Amino acid sequence: MRLLNPGPVTLTPTVRDALAAPDLCHREVEFFDLQDTLRDGLAAVYDLDTAVWAPIVLSGSGTAAVEAMMASMPGDGARVLVIENGVYGERMTHMAAVHGIDHETLSLAWGEAIDPVILAERLAGADFTHVAVVHHETTTGRLNDLDAIAAVCADADVALLVDAVSSFGAEAIAFGPAVAAVAATANKCLHGAPGAAFVLARRSALTAAKTRALYLDLVSYCDKQDERGTPFTPAIPAFHALAAALAEHASAGGWRARRAYYRALARRVADGLAELGIQAMLSTQQSSCVLRAYRLPAGVSYHELHDHLKAAGFVIYAGQGGLTDEIFRISTMGDLHDGDVDELIARIAEITAP
């Protein structure tokens, strides 16, 4: 089965084989060596200095990493402005509420661009300490302008918390002075397996962090991992798979090469669908390289399209909320190739033919 959903992804044989690596005890030197390999590899994806940035590896989904960031990084007296233009921004708002963090929202329509002028106006004269934003909002495939958002935050002296779950490893991420933490996962653009996630936290920002959760306390994880330890039992097979995935990512040319590869596949999908009269929800310039949303073809429901493609060996993704009956989504992450895209388009042509 070829997975065209936004994670988990279709694994390469090497990464899948790594899941069957030898069993390890998480209190032994062999595990700590593996953990150090992951931390170094994650920092290397964007050439980060580990004296400045702490790579913190967690067991869980990307949501676990985002919640650890949201629950830990805002310290005492923090006030967070959460930007919402899709499901995952709204999820960050829910996290802030669950953990009792003082917060407000900048709520936009799903898929709407974030206007830096409006953000600057919202921050001006306010007492916000942090802004939280989703880099790639997979609800619609919108790639938010992280550089512009970070520049506004820097001017306002506000720390930026970034959900990069579906962009880390394939889109440009500038870890500039406003960025306090970036949360992501193994099983999207890095092509690892579900079960491993991580946060890259600025060490100076960690000094002001607050413990609001036991299992998701970033400071505890960071302290233990810096000492070659771990506070809890980790998902060791997923860690083995992430190590293999990071090695493949680096040998393939890093995030720039992966972005170029995704873009080429996404362009092939878009061109093929356009020939069938199926239009993208957002323009190429507004969309990520990772996932794009398309209008459902006339007379074909999502369930009909999904079931037809699944029978042919493809899994696509539905729209969410009010977009359920309007769009479908296709991701080009994972071990996918030109031939897969060509077959996908041919199968879609079957169900859309008059």
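The values are calculated or read from the model by the stated rules, or taken from the named source; none is laboratory data. Not measured: the values here are computed from a predicted model. Neighbour counts are summed over all protein chains in view; Cβ atoms, including those assigned to glycine, are modelled from backbone coordinates with ideal geometry. Accessible surface is based on the protein model in full, side chains and every heavy atom, while ligands, DNA and RNA are left aside. Shrake-Rupley method; radii C 1.70, N 1.55, O 1.52, S 1.80 Å.
Would you mind working out the magnitude of the charge dipole of segment 1-98 relative to its Cα centre, with +1 at each Lys and Arg C-beta and -1 at each Asp and Glu C-beta, to the nearest 20 Debye?
Result for segment 1-98 is approximately 420 debye, rounded to the nearest 20.
Any idea what the dipole of the chain comes to, in debye rounded to 20, about its Cα centre with Lys/Arg Cβ at +1 and Asp/Glu Cβ at -1?
Value, rounded to 20: 260 debye.
Length gain on complete extension for the stretch GLU350 to ASP147, per 0.36 nm per residue less the alpha carbon to alpha carbon distance?
Going from the current span to full extension adds 68.9 nm.
How high is the FRET efficiency from THR324 to SER204, r the C-beta distance, R0 45 Å, rounded to 0.05?
0.55
Rounded to the nearest 5, what % of the DSSP beta bridges within the chain are antiparallel ones?
55 percent
What is the distance, in nm, between label points placed 7 Å from the Cα along the Cα-to-Cβ direction at ASP33 and at SER251?
In this crude label model, ASP33 to SER251 measures out at 1.9 nm.
What FRET efficiency would be calculated for the residue pair GLN279, ALA120, taking the C-beta separation as r and a Förster radius of 45 Å, to the nearest 0.05?
Computed FRET efficiency for GLN279 and ALA120: 0.85.
Can you bin the chain into rounded, prolate or oblate? Criterion: square roots of the alpha carbon gyration tensor eigenvalues sorted a ≥ b ≥ c, rounded for a/c under 1.5, prolate for a/b above b/c, oblate for the rest.
In terms of gyration-tensor shape, oblate.
Between ALA298 and ASP127, 0.36 nm times their residue separation minus their Cα-Cα distance comes to what?
That pair, ALA298 and ASP127, stretches by 56.7 nm at full extension.
List the residues, sorted by chain then number, that are 5 or more residues from TYR317 or on another chain and whose placed amide H is less than 5 Å from its amide H.
ARG329
Which one, ALA178, GLY111, VAL133, projects farthest toward the positive side of the charge dipole computed for the chain from Cβ point charges (K/R +1, D/E -1)?
Checking the options against the dipole of the chain, the answer is GLY111.
Applying 1/(1 + (r/R0)^6) with R0 = 30 Å to the Cβ-Cβ distance of CYS25 and ASP76, what FRET efficiency is obtained, to the nearest 0.05?
Efficiency for this residue pair is about 0.20.
Given axes a ≥ b ≥ c from the Cα gyration tensor, I'd like to know whether segment 116-264 is rounded (a/c under 1.5), prolate (a/b larger than b/c) or oblate.
It comes out oblate by the Cα gyration axes.
Nearest-5 percent of antiparallel DSSP beta bridges in segment 40-153?
Close to 20 percent.
ASP271 versus ALA97, label points 7 Å from Cα toward the beta carbon: distance in nm?
In this crude spin-label approximation the distance works out to 4.6 nm.
DSSP loop GluC sites (Glu not before Pro) in segment 22-124 with at most 10 other Cβ atoms within 10 Å of their Cβ, which ones?
Hits after loop and neighbour filter: GLU28.
For segment 1-117, which whole-number percentage of the solvent-accessible area (1.4 Å probe, protein heavy atoms only) is attributable to carbon and sulfur atoms?
Of the solvent-accessible surface of segment 1-117, carbon and sulfur hold 53 percent.
Give me the net charge for the shell around VAL165: Cβ to Cβ below 13 angstrom, other residues only, Lys and Arg +1, Asp and Glu -1.
Cβ neighbours under 13 Å give a net charge of -2.
Filter the chain for me: DSSP H helices, axial length by Cα at least 20 angstrom, mean Kyte-Doolittle hydropathy not below 0.0. List them by residue number.
What comes out of the filter, once short or polar helices are dropped, is 29-45, 236-251, 338-352.
Using a ≥ b ≥ c from the Cα gyration tensor of segment 215-350 (square roots of the eigenvalues), is it rounded, prolate or oblate, where a/c under 1.5 gives rounded and otherwise the larger of a/b and b/c decides, a/b for prolate?
Since a/c reaches 1.5 and a/b is larger than b/c, the shape of segment 215-350 is classed as prolate.
Can you give me the distance in nm between label points at HIS337 and ASP307, each placed 7 Å from the Cα along the Cα-to-Cβ direction?
Each label point is offset 7 Å from its Cα along the Cβ direction, giving 3.2 nm.
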